[in-house]
Amino acid sequence: MTPQEERNQKLAERMIKNLNRRNMEAFYCPTGEEAVKKVSELIADGSTVTWGGSMTVRDLGIPDALRERGTLEVLDRDLTDDRAEIEQIYLRAFTADVYLTSANAISEDGVIVNVDGNGNRVAAITWGPKKVIFIIGLNKVAQTVEAALARARGTASPINAQRFDIKTPCQIDGMCHNCNSPESVCSYVHFLRNSRNKGRHVVVLVGEDLGY
């Protein structure tokens, strides 16, 4: 292994122990390809599956991989431009068997941090779907919870803002201004400290740079 790979392995092993202490199941996959296989293994045939606005999920090709199985009901909001249909998928997510997402940041001791504009993603993480699977690249690891929040607000959110036709300060200059814009992509800030129901939250750590 390269020094980077050795460090990633050791970091992931430590984080898995910390996530387990928080009542979460966790795995480490050195590559994105292995992560896609692991995610598929974690989803039983016949399950209803959907996901939030995660570039990690999309960039890894997970939606296509799940559709190709042919044994799952896949709810994909990317297949429609109709706002009413999209909102129905948002609502159906709460009764899904599996909800896929990533994170804006995660601390070394296992606190997962997300910020949301609409709130549908953090709402589903908190309550509803029977299982929530996080796919998180090690590029999103921060030493502390405070550093994780800083990463989510100062790095992930300004990049995500570029994806949307919105008028926020971070969309204009790429920097967080701690704004109160009506279109803020940081309207909802979420910390997952512990999983109340054992087995509901599963984390797949990936030894690649993924998402923002």
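The values are calculated or read from the model by the stated rules, or taken from the named source; none is laboratory data. Here the structure is a predicted model, which means the values were calculated and not measured. Note that we place each Cβ from the backbone using ideal geometry, even for glycine, and neighbour counts take in every protein chain shown. Heads up: the accessible areas ignore ligands, DNA and RNA and are worked out on the full protein's heavy atoms, side chains in. Shrake-Rupley method; radii C 1.70, N 1.55, O 1.52, S 1.80 Å.
Restricting attention to the stretch 172-189, does a residue exist that is assigned to a strand (DSSP E or B) and hydrophobic (A, V, I, L, M, F, W, C)?
yes
Looking only at the stretch 131-144, decide whether some residue is assigned to a helix (DSSP H, G or I) and in contact with a strand residue (DSSP E or B) (Cβ under 8 Å, 6 or more places away or on another chain).
Filtering the stretch 131-144 for residues assigned to a helix (DSSP H, G or I) gives 138-140.
The next check asks that each one be in contact with a strand residue (DSSP E or B) (Cβ under 8 Å, 6 or more places away or on another chain); those that pass are 138, 140.
Within the stretch 131-144, one or more residues are assigned to a helix (DSSP H, G or I) and in contact with a strand residue (DSSP E or B) (Cβ under 8 Å, 6 or more places away or on another chain).
Asn139: modelled with pLDDT of 95 or more and either under 15 Å from the mean Cα position of the chain (by Cα) or open to solvent by less than 60 Å² (accessible area, probe 1.4 Å) (or both), yes or no? Before the answer, list the steps.
Values: modelled with pLDDT of 95 or more: yes; either under 15 Å from the mean Cα position of the chain (by Cα) or open to solvent by less than 60 Å² (accessible area, probe 1.4 Å) (or both): yes.
Yes; evaluated as a whole, the condition is true for this residue.
What are the pairs with Cβ atoms under 7 angstrom where one residue, in the stretch 188-207, is loosely packed, with under 12 Cβ neighbours inside 10 Å and the other, located anywhere, is in a strand (DSSP E or B) and of a type in the set (D, E, K, R)? Sequence gap at least six, or different chains.
Note: pairs meeting the criteria are Gly199/Glu25.
Go through the stretch 161-207 and give me each residue that's within 15 Å of Lys140 (Cα to Cα) and in contact with a Cys (Cβ under 9 Å, 6 or more places away or on another chain).
Val204, Leu205, Val206, Gly207
Taking the stated definitions as given, is Lys167 of a type in the set (D, E, K, R) and surrounded by 21 or more Cβ atoms within 10 Å (Cβ to Cβ)?
No; evaluated as a whole, the condition is false for this residue.
A quick yes/no check of all residues on (1) in contact with a Leu (Cβ under 7 Å, 6 or more places away or on another chain); (2) modelled with pLDDT of 95 or more:
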{"site": "His177", "(1), (2)": "no, no"}
{"site": "Ser181", "(1), (2)": "no, no"}
{"site": "Cys186", "(1), (2)": "no, no"}
{"site": "Leu192", "(1), (2)": "no, yes"}
{"site": "Asn197", "(1), (2)": "no, no"}
{"site": "Gly207", "(1), (2)": "yes, yes"}
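Taking the residues in the stretch 17-42 that are of a type in the set (Val, Ile, Thr) and buried (at least 19 other Cβ atoms within 10 Å of the Cβ) as candidates, determine which candidate is nearest to Asp209 (Cα to Cα).
Filtering the stretch 17-42 for residues that are of a type in the set (Val, Ile, Thr) and buried (at least 19 other Cβ atoms within 10 Å of the Cβ), the one nearest to Asp209 (Cα to Cα) comes out as Val36.
Name every residue in the stretch 8-28 that is in contact with a Leu (Cβ under 9 Å, 6 or more places away or on another chain), under 24 Å from Arg121 (Cα atoms) and not β-branched (Val, Ile, Thr), in order of residue number. Quick ask: steps written out before the conclusion?
Taking the stretch 8-28 as the starting set, the residues that turn out to be in contact with a Leu (Cβ under 9 Å, 6 or more places away or on another chain) are 8, 11-12, 15-16, 19, 22, 24-28.
Next, from what is left, pick out any that are under 24 Å from Arg121 (Cα atoms): 15-16, 19, 22, 24-28.
Correct list: Met15, Leu19, Arg22, Met24, Glu25, Ala26, Phe27, Tyr28.
Within the stretch 160-180, is even one residue within 15 Å of the chain's Cα centre (by Cα) and closer than 14 Å to Gly117 by Cα?
Among the residues of the stretch 160-180, at least one is within 15 Å of the chain's Cα centre (by Cα) and closer than 14 Å to Gly117 by Cα, which makes the answer yes.
Name the strands (runs of 3 or more DSSP E) wholly within the stretch 1-115 that hold at least 3 residues that are under 20 Å from Gly128 (Cβ atoms) and in contact (Cβ under 8 Å) with a residue 40 or more places away in the chain?
Answer list for the stretch 1-115: 48-51, 98-101.
Which of the residues that make up the stretch 62-113 are within 20 Å of Gly46 (Cα to Cα), more than 20 Å from the chain's Cα centre (by Cα) and of a type in the set (Lys, Arg)?
Listed by number, the list holds a single entry, Arg69.
Starting from residues that are open to solvent by less than 30 Å² (accessible area, probe 1.4 Å) and among the aliphatic types (A, V, I, L, M), keep the ones in the stretch 149-164 and report whichever is nearest to Leu210 (Cα to Cα).
Across the stretch 149-164, the extreme among qualifying residues is Ala156.
Can you name the residue in the stretch 65-104 that is out of contact with any Ser or Thr (no Cβ under 8 Å at 6 or more places or on another chain) and hydrophobic (A, V, I, L, M, F, W, C) and, of all such residues, is surrounded by the fewest Cβ atoms within 10 Å (Cβ to Cβ)? Let's see the steps before the verdict.
First, pick out the residues of the stretch 65-104 that are out of contact with any Ser or Thr (no Cβ under 8 Å at 6 or more places or on another chain): 67-68, 70-71, 78-85, 87-88, 90-91, 94, 103.
Those still in the list that are hydrophobic (A, V, I, L, M, F, W, C) too: 79, 84, 91, 94, 103.
Values: Leu79: 13, Ala84: 7, Leu91: 10, Phe94: 14, Ala103: 26.
Among residues in the stretch 65-104 that are out of contact with any Ser or Thr (no Cβ under 8 Å at 6 or more places or on another chain) and hydrophobic (A, V, I, L, M, F, W, C), the one surrounded by the fewest Cβ atoms within 10 Å (Cβ to Cβ) is Ala84.
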